Amino acid sequence: MSADDPAAAVAALFASEGAAEYFGEPVTQAEHMLQAAALAERDHAARSLVAAALLHDVGHFASALTGDDLMRGTDNRHEEHGAAWLGRWFGEEVTEPIRLHVPAKRYLCTVEPGYAASLSPASIYSLGVQGGPMQRAELAEFEANWYAAAAIRLRRWDDMAKDPGVQVPGFDHYAATLLTLAR
Ligand SMILES: [Fe+2]
């Protein structure tokens with residue numbers, strides 16, 4: 001895997017680990033992330049946020065703990081691992097929405113009536129491992145983050161990107177965008 005070329009590095013992950021089951025969801029990890037990116041493009045998100053959607057769960061691949069550990073009750077903090085791993089290539093406009101996509105779920109569970117009930121069973125399970133709905137004291141800190149709104153947009157695409165019947169562009173569709181964004 002080349003440390004110089006994020007498109008090649010991430011493409012390799014999508015092709016190998018990405019083909020794995022996505023913890024109890026009806027799509028693979030790669031299908032899930034590609035669907036999230038397609039939803040971001042549909043909503044005319046900035047290129048950096050499309051990239052964030054595409055890469056948001058890469059921490060499940062790169063971290064020492066696996067997603068299976070998450071589903072056994074140990075939070076693998078995939079959002080932190082993924083953001084840190086991607087930081088070798090990308091700026092915070094890509095990595096911060098990724099780092100915040102789990103806090104965004106916890107935030108929405110507290111502030112938005114009906115949000116928690118809309119989550120998939122696997123996502124509701126992982127919510128408990130990830131700290132549950134935000135406490136009131138945590139809300140202001142989240143809202144003060146420059147990337148909070150972007151993280152909430154990413155979260156909504158994440159939640160929708162679990163449709164086994166949908167066809168979306170493959171990884172190659174985004175390779176040029178990744179190379180443009182990489183520093
Ligand atoms: Fe996700």
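The values are calculated or read from the model by the stated rules, or taken from the named source; none is laboratory data. This is a predicted model, so every value here is computed, not measured. Positions of Cβ are backbone-derived with ideal geometry, glycine not excepted, and every protein chain shown enters the neighbour counts. Areas reflect the complete protein model, heavy atoms only, side chains present, ligands, DNA and RNA absent. Shrake-Rupley method; radii C 1.70, N 1.55, O 1.52, S 1.80 Å.
General remarks:
- Inter-part distance where segment 151-183 and segment 77-149 are each reduced to a Cα centre, Å: 17 Å
- Approximating the spin labels as points 7 Å out from Cα along Cα→Cβ, the Ser16-to-Thr110 distance works out to 3.9 nm.
- The gain in end-to-end length when the Glu141 to Met160 segment is fully stretched comes to 4.2 nm, 0.36 nm per residue minus the alpha carbon separation.
- Treating each Cα of segment 47-183 as one equal point scatterer and applying the Debye formula with no solvent, the log10 of I(q)/I(0) at q = 0.12, 0.20 Å⁻¹ comes out as -0.47, -1.31.
- Estimated inter-spin distance, Arg42 and Tyr125, nm [label 7 Å along Cα→Cβ]: 2.6 nm
- Relative contact order (%) - criterion: Cα under 8 Å, at least six apart; region: segment 6-181: 30 percent
- Segment 28-163, accessible surface, carbon-and-sulfur percent (1.4 angstrom probe): 53 percent
- Estimated vicinal HN-Hα couplings, Hz - segment 8-16 in sequence order (Karplus 6.51, -1.76, 1.60; Gly, Pro = x): 5, 5, 6, 4, 5, 5, 4, 6, 9
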